[in-house]
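The values are calculated or read from the model by the stated rules, or taken from the named source; none is laboratory data. In this text the structure is predicted, and so the values were computed from the model without any measurement. A quick note on method: Cβ atoms are made from the backbone with ideal geometry, for glycine too, and the neighbour counts reach across all protein chains shown. We work out accessible area using only protein heavy atoms, side chains counted, and drop any ligands, DNA or RNA first. Shrake-Rupley method; radii C 1.70, N 1.55, O 1.52, S 1.80 Å.
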Amino acid sequence: MGPKLPDSVEGLRAAGNQSFRSGQYPEASALYGRALRLLQARGSSDPEEESILYSNRAACHLKDGNCTDCIKDCTSALALVPFSMKPLLRRASAFEALERYPLAYVDYRTVLQIDNSVMLALEGVSRMTRALIDSLGPEWRLKLPAIPVVPISAQKRWNSLPSEKHKETAKNKSKETAAMKNRVPSAGDVERARVLKEEGNELVKKGNHKKAIEKYSESLLFSNLESATYSNRALCHLVLKQYKEAVKDCTAALKLDEKNVKAFYRRAQAYKALKDYKSSLADISSLLQIEPRNGPAHKLQQEVNQNLK
């Protein structure tokens, strides 16, 4: 006779989590299913808990290669709590494994509307773009299903989980660094990066800086060798008041081109906003050595000096 199973939803979920961590995916799936049935039998509505259980069971299906049931459970989870990132990512992976690339692309892009730094989604969009170009040709974007617009309320919901988000972002950044090191893009990758950068530039002209960040991020996945792509993304971060991200992008731009005037100027702006006036002045000084008559730089220098008084 086996060990007695927990008799609460919370206990069954915890037992399922333990089985999942141990690699016992069928057992974990059964425990999540039992927890779902118990929760539904209660009759009281708890959509958050129910959605998590569907999403967790979907993860088990995905690990076992059961992509069809993974998609079903993710769809159930999303019906309960729309625009949840984990079920979107899991469903995208299942669609990708089944070679249903347009649907995978839509889910990956939806995740990027919620958080444009999620590396799994950025890499997924990159893979799906390649696959869709190969299968549908240059007009592939016209043949995609509609990408849902994520409401601001959903974005705020995920942004209100700072510890989780920061942990995930740190993990994503380390993955990005590892993936980009020693990567030599092909001629095709360079061309795709150029096209995506131009699409980002057009979005900037239209004032859609959040979407432009997505385009620049996609471009950098194909080729991370162009300084202007980083400095252009930094401009978007500045407009969105994401000053630390702007500093990072400008620093990356300057590693590729030590005379990138826009990168010096935008990093100086970001440092000023962060009240790091000494670093701001240092960047302005470097810029003026390259372009001594740069009017905006002189004006910014005066503003920063006033803050130091």
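Those residues that are open to solvent by 60 Å² or more (accessible area, probe 1.4 Å) and assigned to a helix (DSSP H, G or I), I need them from the range 53-74; list them, please. Can you show your working first?
Quick first cut of the range 53-74, residues open to solvent by 60 Å² or more (accessible area, probe 1.4 Å) only: 63-64, 68, 72.
The answer is Lys63, Thr68, Lys72.
Please go through the range 108-122 and give me each residue that is touching an Asp or Glu at 6+ places or on another chain (Cβ under 9 Å) and in a helix (DSSP H, G or I), ordered by number.
Quick first cut of the range 108-122, residues touching an Asp or Glu at 6+ places or on another chain (Cβ under 9 Å) only: 108-109, 112-113, 115-119, 121-122.
Listed by number, the residues that qualify are Tyr108, Arg109, Leu112, Gln113, Met119, Ala121, Leu122.
Has the range 80-87 got any residue that is part of a helix (DSSP H, G or I), surrounded by fewer than 16 Cβ atoms within 10 Å (Cβ to Cβ) and among the charged types (D, E, K, R)? Let's see the steps before the verdict.
If we filter the range 80-87 for residues that are part of a helix (DSSP H, G or I), which is where we start, we get 80, 85-87.
Remaining after also requiring surrounded by fewer than 16 Cβ atoms within 10 Å (Cβ to Cβ): none.
For the range 80-87, residues part of a helix (DSSP H, G or I), surrounded by fewer than 16 Cβ atoms within 10 Å (Cβ to Cβ) and among the charged types (D, E, K, R): absent.
Pull up the range 61-97, narrow it to residues that are closer than 15 Å to Pro47 by Cβ and of a type in the set (Ser, Thr, Tyr), then point me to the one that is modelled with the lowest pLDDT.
Applying the filter and picking the extreme gives Ser84.
Quick one: in the range 96-107, of everything that is charged (D, E, K, R) and assigned to a helix (DSSP H, G or I), which residue is surrounded by the most Cβ atoms within 10 Å (Cβ to Cβ)?
It comes out as Asp107.
Given the structure, is Ser93 farther than 30 Å from Ala234 by Cβ, of a type outside the set (Asp, Glu) and surrounded by fewer than 18 Cβ atoms within 10 Å (Cβ to Cβ)? Steps first, please.
Working: farther than 30 Å from Ala234 by Cβ: yes; of a type outside the set (Asp, Glu): yes; surrounded by fewer than 18 Cβ atoms within 10 Å (Cβ to Cβ): no.
The answer is no for Ser93.
Return a yes/no flag: does the range 139-157 have any residue that is assigned to a helix (DSSP H, G or I), open to solvent by 50 Å² or more (accessible area, probe 1.4 Å) and β-branched (Val, Ile, Thr). Let's see the steps before the verdict.
Of the residues in the range 139-157, the ones assigned to a helix (DSSP H, G or I) are 140-143, 152-157.
With open to solvent by 50 Å² or more (accessible area, probe 1.4 Å) added as a condition, the list becomes 141-143, 152-153, 156-157.
Among the residues that remain, those that are also β-branched (Val, Ile, Thr) are: 152.
Yes: one or more hits.
Please find, among Ala282, Ala297, Ala263, Ala246, the residue that is farther than 15 Å from Ser231 by Cβ and open to solvent by less than 70 Å² (accessible area, probe 1.4 Å). Show your work before the answer.
Values: Ala297 fails: farther than 15 Å from Ser231 by Cβ; Ala263 fails: farther than 15 Å from Ser231 by Cβ; Ala246 fails: farther than 15 Å from Ser231 by Cβ.
Going through Ala282, Ala297, Ala263, Ala246 in turn, the sole match is Ala282.
Return yes when Leu288 is farther than 29 Å from Leu221 by Cα, more than 26 Å from the chain's Cα centre (by Cα), at pLDDT 95 or above and not hydroxyl-bearing (Ser, Thr, Tyr) and no when it is not. Please lay out each step first, then the result.
On the way: farther than 29 Å from Leu221 by Cα: yes; more than 26 Å from the chain's Cα centre (by Cα): yes; at pLDDT 95 or above: yes; not hydroxyl-bearing (Ser, Thr, Tyr): yes.
Here the answer is yes, as Leu288 does meet what is asked.
Any residue in the range 27-39 that is open to solvent by 60 Å² or more (accessible area, probe 1.4 Å) and outside any helix (DSSP H, G or I)?
The answer is no; no qualifying residue exists.
Would you check which residues across the range 212-231 are touching a Ser or Thr at 6+ places or on another chain (Cβ under 6 Å) and open to solvent by 10 Å² or more (accessible area, probe 1.4 Å) and list them?
Leu221
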